[in-house]
Amino acid sequence: MRKAIKPFYDTGLDARVSAARHEWQDQAQAVLEAEIGEDQLDALRIEAEDKLAELEAEIDVLNDALHVREIDGLDLPEVPELPQPEVTAMDGLPLIDSRWSHADQSLQLIEHKAYRTVIE
């Protein structure tokens, strides 16, 4: 099926589109920089940095307001002990292990998909 579809599928199209987009962006950026001028660009960057700093300060205030620290008269329950996972598949052995070779990991995944276990 892949052989039949291959003549109708351009595997390099994505890379060519990406390259064309990057080339256009670089050219457009150069035109904008030439048109606006370095002084105006510097002024815009400074203005943007100032606005960003203001927004970051507002975000910090909002985040602080969202955190519950202490509320007088409120008796919150203790944080429960979190349950640990119970692994029963494959007798608790891992599906793959980063210490295994790529080939061994691949074989283990294939065997697992076939509902067979090969871990030794």
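Rounded to the nearest 20 debye, the dipole magnitude of segment 23-62 is 80 debye, with +1 charges on Lys and Arg beta carbons, -1 on Asp and Glu beta carbons, and the Cα centre as origin. Shape of segment 1-88 from the C-alpha gyration tensor: oblate (a/c of 1.5 or more and a/b not above b/c, with a ≥ b ≥ c the square roots of its eigenvalues). Over the C-alpha atoms of segment 1-45, the Rg to Rh ratio, Rh being the Kirkwood estimate, stands at 1.42. A straight Cα-to-Cα reach below 18 Å connects K6 with the aspartates and glutamates D14, residues fewer than 8 places away in its own chain not being considered.
Read the figures in this text as sums done on the coordinates, not as results from a lab. If you're wondering where the values come from, they're calculated on a predicted model, not measured in any experiment. A quick note on method: Cβ atoms are made from the backbone with ideal geometry, for glycine too, and the neighbour counts reach across all protein chains shown.
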